[in-house]
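The values are calculated or read from the model by the stated rules, or taken from the named source; none is laboratory data. Note that the coordinates shown come from a computational prediction; the quantities given were computed from them, not determined experimentally. Counting neighbours? That spans all protein chains shown, and the Cβs are built from the backbone with ideal geometry, glycine included.
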Amino acid sequence: MKFPWCLLILALPYACTHVETGQPQVMSNQKGQPAPAADDVEGMVRPKLGDLNSCYKAEQQNNPKAAGKVLFAFTIQKDGRTRDVRLLASTLKSPAMEGCLVERIEAWQFAPPRDGQDINVRYPFSFQP
């Protein structure tokens with residue numbers, strides 16, 4: 001029997017979400033500069049999953065079986081704000097939820113990247129009931 005991991009970590013702000021992430025693809029914005037590690041970006045995004053889960057919970061009010069995957073591209077600017085948020089692919093079949101996800105990611109604020117450079121990211125998320 002699969003034990004729900006969220007019951008073990010209830011103190012975390014993103015615990016018990018229905019959002020899972022895949023491995024982000026991270027690209028440097030500067031030629032010749034190495035990109036930050038994907039694990040670093042994942043560590044920045046993971047605490048924000050509750051923002052995306054709120055979109056999912058709202059969608060489930062109308063469609064309890066809502067599920068799907070999305071792929072976003074966005075830039076984390078050197079001041080930590082996001083820009084150029086784009087939905088690249090989606091199997092959600094819900095323009096309302098997709099729009100909500102874009103709005104949430106556009107509002108994200110991170111600590112400035114350590115190297116002071118913009119970070120271009122492609123990030124997959126999946127939503128399951």
Where residues in the stretch 60-71 are surrounded by 13 or more Cβ atoms within 10 Å (Cβ to Cβ) and in a loop (DSSP other than H, G, I, E, B), which of them is farthest from the chain's Cα centre (by Cα)?
-> Asn63
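Scanning for something of a type in the set (S, T, N, Q) and either assigned to a helix (DSSP H, G or I) or under 17 Å from Gly22 (Cβ atoms) (or both), does the stretch 72-91 turn up at least one residue?
Looking through the stretch 72-91, at least one residue is of a type in the set (S, T, N, Q) and either assigned to a helix (DSSP H, G or I) or under 17 Å from Gly22 (Cβ atoms) (or both).
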Total residues in the stretch 84-129, condition in contact with a Phe, Trp or Tyr (Cβ under 9 Å, 6 or more places away or on another chain), charged (D, E, K, R) and touching a residue at least 12 places away in the same chain (Cβ under 8 Å) | 3
Residue match in the stretch 97-116 (condition: in a loop (DSSP other than H, G, I, E, B), of a type in the set (Gly, Ala, Ser) and modelled with pLDDT under 90) | yes
Being among the acidic types (Asp, Glu), buried (at least 16 other Cβ atoms within 10 Å of the Cβ) and over 10 Å from Ile76 (Cα atoms) is the filter here, so list the residues in the stretch 88-125 that pass it.
-> Glu98
Checking Ala107, Ala89 in turn, the sole residue that is closer than 17 Å to Leu52 by Cα, among the small types (Gly, Ala, Ser) and touching a Leu at 6+ places or on another chain (Cβ under 8 Å) turns out to be Ala89
Is it true that Arg81 is surrounded by 14 or more Cβ atoms within 10 Å (Cβ to Cβ) and within 12 Å of the chain's Cα centre (by Cα)?
-> no
Within the stretch 57-77, tally of residues that are closer than 19 Å to Val41 by Cα and in contact with a helix residue (DSSP H, G or I) (Cβ under 9 Å, 6 or more places away or on another chain) | 4
